[in-house]
Each structure stands twice: as structure tokens, then as C-alpha cells.
Amino acid sequence: TMAAASTASATGGGSSSNNVLSDKVNRALHVRTDTPAMRTALDALANLPTDDDTIFHRTTGGGGGGGKHPHGGPSSATGGGGAGANGGVIDARSVRAAIEKDALRRALEFQTELQKLAKNATTLRERVDNVAKVASLVSKRVESQIVEVGALSLKAETGSAGEDDPFATDGPMSPAASTAADAWEEERNLAARLAYAQKSYVEAAKRQVAVDAFLDKFDLGDDEAKSLDYYNFEGFAAGSDYNDGEESGNPWSHPAAALNIIPNPGQAAMDDANDFLNALERLTVIRRELTRTFGSGAESADASFDYGAEDPDAGGGGGGQLGTHSALRMMEQLASRQERAHERLYQFLQFFLGIGAAAPQPNSSMMAVPTSSDGRTSVVSASDAASHGALGRFTDGDEMDEAFNHPLVRRALHVLRHSRAHRVHALELIASGRRTEVTRRFLLALTSGYGGMAPLEMKAHDPVGYVGDMLAFAFRAFRVEEVLVRTLFLWKDEKEGGSDDEEEDEEGKDGEDKSSKEEKEEEEKQPDEPEDYEDDDDNKPMNVSEMLAQSMGGLSRPLRTRISQVVYSLASQGGENAEGEGEMAMRSNDDDHENSSSSLDRLVAVFSVCGFLRYYRSAVQSTLDKLEEPRAENPFYTTCDESLTEAADSYVASLRAFGAMLQTHAFGTADSEATLAQRAIVRISEERAASPGFAEDVVGEEMDDDLVSKQLSLPFLVGTMIDAATPHLTTLDDGAALKSALTVASKCGLKAVESTKWSKLIIQTEKNLVESLVDTETDEVLQVCGLEGLRSAMRHMSGVYVEGMTMSSHPGLSQREVESSMNKFYSSLFSPPIPTFEDTIKDPELRKVARSKTAQRVVDVYRELYEAITSERGGYADLAFLGHDPDQVKTLLSL
């Protein structure tokens, strides 16, 4: 019974446990994992610490597994053995514990953040309280009285007030009145005093600015004044004590100062020279501003510099005014200082460039060198001057040109524009010195050679080469002088465009430091010439064109003389006037009849000289036109122009003389007159095409009214030669020679209109020659073929013909004579005796024309005889001897 009971109870217990498990499984299967609560639980499980193993699994120790939950709960009594055997599992209690733990963690984090917020709120409350206290204190200060009653009482008792205070009361204030005074009234008075003080401060500041501006505009610095008073370019004098501008003796008073110049001194000397020029420019600006300000009288001056006028609203004050007399004294002092500085600058230019009083004079035993404008001189020994020669301190011409191109020289001339007398004299001395130097170089080039070239006189036997070399040297000197002189006037342009010279950079830096932008703008507006000088043409400085004319004046005379000698010798045609002087004598022929080749060579040489002169005249004119200023008459241009006119006249005379002597030149030679004319046209045309003087860009080529251009033109050449050769045309070869000359002239620039005119004349002359030749050859052909006797007899019959007279009865036209002549003519038709003209006519087309005309003339004679014989007046009984009619004969003679 007990066993059965126990069995039953066990069976019942197993059934109940199975139902519970089934319920759990069913609940687990019906659990939804997409609800928010389940997602939160799953997230918490995922974030559980990995070291808390007791939550997820039990130890693998097997059996009983007592103990407690880490959070204080009892451990599960079930599943001890299963946990040890199957590993860790997750049950509902573990999930609940994980959720509670996560909630606890979040609550602790929230508590920490809330504590921080409370602390920050407390700090903020304290700061707000402090701000409120400060605002309350400021409010009290603002609402309180500015002037305290105690201070007013003390002031009233002592009676202290500023003597210059316009707001002070007339008498001392009693304590009762002070106590009863209105505080707001006192505050107003205090504000008025502050306003008055501020106004006085502003006026004082304006006055200070005006004084500073006046000093900047009308006052020289200590360094500038010292440089203007004492500096004398000591750094450029060799052997002088360069003491940085201290007053000392004049370094240029030394006898050999002109021969001991340092062309490129050190940087310190260049800086001092630039400082001196800057100071001199600034002094000029100051004088100009003083003249502009005080030149209209004291009233305008006082009005311009009334810096302290009274303010009626302020109730007092007054300022000083700069008097006109003080300004005039300043102007006198500045003028005296400027004059002395200009004198020293002018003296330095003479010594540095070796011009004027410092120019070398090797021919004199002693050389007097003025040291200033007052006439004091120093003497240079002849030995010192002779050791340096005509160039003075310069070793060669290039060194002299470099001295004239020195930036300091250019700027010094620019600064001297404010002293017209010094500038005028300096430019005249420069032009005179350059004139002497250019002439010296040209004479050296003629006799000894210059610049490594052989002496030009060595080519005197070659007229064209001699004149060309002289003109080339003169034009090269002209261009050098043009660039050099134009560079002397380009300081302002270089300054505006920015030069790379160190001196110019230093000048620009000093100018920026020592003059304001307004002064520079004013100076740019001012002309180069000062306003206080009259525009007198006699005392006007030379411009580039005038200086260039002066420089080239010495060279022009010897050049003109030599060109005239060459042209005269070439145009003399070997007569008595061909004798020259010295090396200029050209080889001539004393025979009465000079050969044609020599005459033609001289003619071509004269034309070549004309081309050279024309080219260089155009080049000089183009250079002068680019100067863009009033042109002065240039001696070099005048020499080229006058020499060209003379050479053109000589060419015309020589050309006409050559044409008139064609027959003389052709006598005793194998050349005809036309051949000589053709040779002259071809050579001169080719020379014209090769010469640069007749290019299209040469000035004057397009001028139809230019007499020289007409004289040297191709139409004049062709017309003169063809007119001279046409009367002597005797053969067709002469015409062909003239036509070939026209072809060459057309290729060299002869216009088609002129060529056509002369071509027609030659063609007409050829036609006349052909007709004459055909007539002569026709007579010979008729004589050979037997018709000449019949034609002569018929012409005789025409002269004695009477009515009723017959040909057969006239002597020479009988039946027998006519029949014999006709048979002879018919026999010649098998080999017509028409000439080929190969020896007389070289043109194939013209030969063909001549043969055709000769044959036609023969046919015409036969037709005339045939018609006369067959006519009624023939009187011939039997005409059987006429074997061919005129048309058949024409066919047989056709060529």
C-alpha cells in the first residue's frame, strides 16, 4: 500500500512538473521581442559586465550549489546539476537582476549630473548678486551730486579761483551762499570749464601742426644747410682731403685739379653729391613756395598764415602772424645760399667734363683755369697739360663720352635749370667742347685713323669709297652726339620711368625722406625754367637740336670741302680742271678724246656719290624730325644737302656731255652710239637699284617737285641717252640695244608710262630702218630674178608716155626682152632669192617680218608688170610667156 501510494504520488508529481514546464515553454514561445520593454531588457543584457559570471551561469562544481545571489537574493535550488553539466543559462531572475542593475547605474549617473547643475546654479546666483551690488553702487554715484557741499564751503572760505578762468565768480562766496548754491549750476560751470579746456587744447594742436607744416615747407635741415654752405665735390678731386663736408679750401683751386679727377668715386662721395643736389632742389622748392605765398603783399601773407585768430565765442585768445619782412629776409638768405651752391655746381661740371676754363690747351705754355666766376685763375704747367694731350684727363674718346653720360652730370644739369645763366653757359660750354672733340676725331680719322680703322685718305684714289667712308664716319659721329645730347636732357624722364642707376636710386630714397608728396606734385607742375626769369630768346638755354647743330659745326666744313673736290674732279671729264691737290688729285687723261669706259666710270661714280649724299641727308632729316622740338639748322644736314645739289648738277652736266660725245666715243671702237647709250643706262640703273639713297623709304623720293630728284630720276637718264643715241641709229641692232636698256631700267624702277613712250619711239625708228632695209634688199632681189630691167624701163616709159603709145614699142620692153626676163623670173621661183637677214637683223621676229615684206614687194612689182603687159596698152601679140598670174607667184614666194 505504501509502495502504491508512493508510486502514485511520484506519478502525480511528475505530471504536475511537466505541466509547469509546458506552461513556461508556451509562455516563452509567446513572448514578443519587438516591444519597447523587451528591447530595453535585451539592451541591458547586452551591456552586462563580462566578469559577473554568477548572473549568467553557475560554477561547474556539480551538485548542491547553495550560496546566495550577488545582489542578496538566494540562489536557485533547481538546475544545480544541469548547470554544471550544460554550461550557463539565462533565466527570468537573471534578466530581472540585469534590468535592476542597469536602472541603478542610470540613477547614479543622473544624481551626479544633478549635483553639478546645482553647484553651477549656486555660483551663478553669487555672481548675479555681485552684479546687482555694483549696479546699485553705480546708481548711487550717478544720483549723487558732482560738487560736494563741503568742497564748495572750503572754496568759498578761501576765495581761490583761477585767474584766467572765465567762469570764476566776481567775489568770495560766503559759507551760507555756498551751502545754498544750486548743485546743478555748479555742475554746469564745471562742464563749461572742461569744454573751454578742450577747445584750447584743439587750437594748440592745430597751431602745432601749422608750425610743423611751415617748418617742413620753408625750413632747411641742419644737414641740408651744412651741405649747401660747405660741400664742394671734394670726393671727385684726386688728392684732396675729403672731410665729409666740413668747410675747407677750394679743392678746384689746385693747378692740376683739371687733370686729377676721380671719374667713379666711392659710394660715400656719391651719397654726399646726391645729398647736395637734393638739398639744392629742396631750397628751390622753398623759394618758390615763399614767392608764391608772400609775393602778393603783406595782406595775403597775413591772411594765409593767421593761425591764431580770435574766437568771439571763446571770449579771448589771439595768435601770432608770420610777417612779410621776415619772409623777405628768408628769401634773401636762401637766394644767396642758392647762388653760391649753383656756382660750385657749375664749377664742378667744368672740371669733371673738361670743358670751358678746364678744357685742355696744349698749344699754350701755361693753361689758365678760372676757379670761379669772379675771374680768379690758377695756372697749369705746360708739362702737365702736354702729358695728357688734347683730351686732358681722358685717355680716349670713349672715356670722355662716359663722363658726359654720368648720372651725376645729367642730374646736375637738371638742377641748374633753376639758374638760367649757369645752365645757358654750361650747355654752351658742353656744345663747344663736343664740337672740338668731334672735329678732332674726324681729322684723326682722315689722316691717322680712329677707332682701329685705317686712315680715310688712303682711299682717296677710290672716289665712291672715299666719300662713302667720310659720310659714314660723320653720320656715326652725328648719331653718337644725338644720343649723348638727348641723354643730358632726360633726367626727369628717367626719374619718372625708374632708372637702374645707383645714384638715381639714392636720389629717389633721399627725395622720399626729405620732401613730401605735395612738394613733388608741385615740382612736376612747374616748368623746367623758373618763373622769375623773363623768356628772353638771347638768354634761352640751348635745346637738343641747337646743341647738336653746334657739335657738328666743326666737322661739316672739312667734309664739305673734300666732297666738293671729289665731285669736281669726277665731273671734269679729264680736262685741265681735273687736277686736284695732294691726295685728292684724281687720275685724269690729258688726251683730247678720253675713252668711253673711263668717262662712263666717272659718270657712274658721280651718280653713286649722289646716292650716298641722298641717303645720309634723309637719315639726318629723319633723326632731326624725331626730336619733336623746334629745329635748328644743322650744319651736317646742310653739308649733305648742298653737296647733293652740287653733285646732282655735276651729274646732269656729265650725262649730257657723255650723250653729246657718243659719236666721238664710238669713233675708233667696235661699239656703236646706241651700244654706249645702252651701257650707260644699264650701269646707272643698276647702281640706282643697289644704292640705299634711292630706296622707297628715303625722304624726298616721292616729291615730284624736288629738282634733285628729277635730275637723278630714271626718266631723265633714259630720255637724255635715247635722245642722244636716236640720230645715230643705223642698224636694227642699235634699236635692240636701246630696248634692252629700257627693259633693265624698267626692272630698276622706271615707270611703265615712261617706258612705253620711249619704246614707241624706238619701235618707230626700227620700222623706218626695216623699210629702208627692205627697199634695198628688194632692189637686189629684182636684179637677181630679172625684173629690175623691166621695172626701170616701165618707170622710164611712164615719164615719156603719150596717147597711143604701147609698151612693146618702148626700148627695153619689147616682146623678146620681156619674154626673156619673165622666163628668168619664173626659173628663180624654184629657189627664191629672198635674203635671210641673219647678218643684219638679230631679232627672229623682225627678220621674218623683213623677209615677208621683201617677198611682198617682189610680188607687187610682178603684179604691176603683169597688169601692164596684159592691158590694152601692152601691144604684145603673144602672151604665152606669162606662165603665172600674180596670185600664183605670191603663193610660190610665201614664207
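The values are calculated or read from the model by the stated rules, or taken from the named source; none is laboratory data. From a predicted model like this one, the values you see are computed outputs, not experimental measurements. We place every Cβ from the backbone using ideal geometry, glycine too, and count neighbours over all the protein chains shown. For the accessible areas, the whole protein counts, side chains as well, though only heavy atoms, and no ligand, DNA or RNA atoms are used. Shrake-Rupley method; radii C 1.70, N 1.55, O 1.52, S 1.80 Å.
Which order do peptides 407-413, 259-265, 611-617 fall in by mean Cβ count within 10 Å, highest first? All intermediate terms of the calculation are to be shown ahead of the outcome.
Values: 407-413: 21.7, 259-265: 16.9, 611-617: 24.6.
The densest-packed peptide leads the list: 611-617, 407-413, 259-265.
Binning at 10 Å from 0, report for region 407-483 what percent of all alpha-carbon pair distances ends up in each bin.
Spelled out per bin, shortest first, that is 17, 37, 22, 16, 8, 0.
What order do you get for 649-656, 29-36 when each peptide is scored by the mean count of other beta carbon atoms within 10 Å, highest first? Before the final figure, lay out each step's value.
On the way: 649-656: 19.6, 29-36: 7.6.
Most protected by this proxy first, the peptides run 649-656, 29-36.
If you take the beta carbon distance between ALA657 and GLU629 as r and set R0 to 56 Å, what does 1/(1 + (r/R0)^6) give as a FRET efficiency, to the nearest 0.05?
Using R0 = 56 Å, I get an efficiency of 0.80.
Restricting things to Cα coordinates, could you compute the convex hull volume per residue of region 764-826 in Å³? Walk me through the intermediate numbers first.
Values: hull volume 6.2 nm³, N = 63.
Considering the Cα atoms of region 764-826, their hull volume per residue is 98 Å³.
For region 779-895, just run the numbers: alpha carbon Rg, then divide by 2.2 N^0.38 Å, N being how many residues it has. Write out the running numbers ahead of the final one.
Numbers: Rg = 15.4 Å, N = 117, 2.2 N^0.38 = 13.4 Å.
Against the empirical 2.2 N^0.38 Å value, I get 1.15 for region 779-895.
Over region 796-851, what percent of the accessible surface lies on carbon and sulfur atoms, probe 1.4 Å? Spell out each step's value before the answer.
On the way: 1840 of 3500 Å².
C and S fraction of accessible area: 53 percent.
When the C-alpha atoms of region 711-768 are aligned to their principal axes, what extent does each axis show, in angstrom, from largest down?
Each principal axis gives a Cα extent; for region 711-768 these are 29, 18, 15 Å.
Which order do the peptides 827-839, 741-753 take when ranked by the mean count of other beta-carbon atoms within 10 Å per residue, highest first?
Numbers: 827-839: 13.8, 741-753: 16.9.
For the peptides 827-839, 741-753, the packing ranking is 741-753, 827-839.
Under a plain spin-label model, where a point goes 7 Å from the Cα along Cα-to-Cβ, how far apart in nm are ASP223 and GLN208?
For ASP223 paired with GLN208, the spin-label model returns 2.5 nm.
Label GLU642 and THR436 with points 7 Å out from Cα along Cα→Cβ: what is the distance between them in nm?
2.5 nm
What's the FRET efficiency of ASP216 with LYS710 using the Cβ-Cβ distance as r and R₀ = 51 Å, to the nearest 0.05? It would help to have the intermediate numbers written out before the result.
Numbers: r = 69 Å, r/R0 = 1.35.
About 0.15, to the nearest 0.05.
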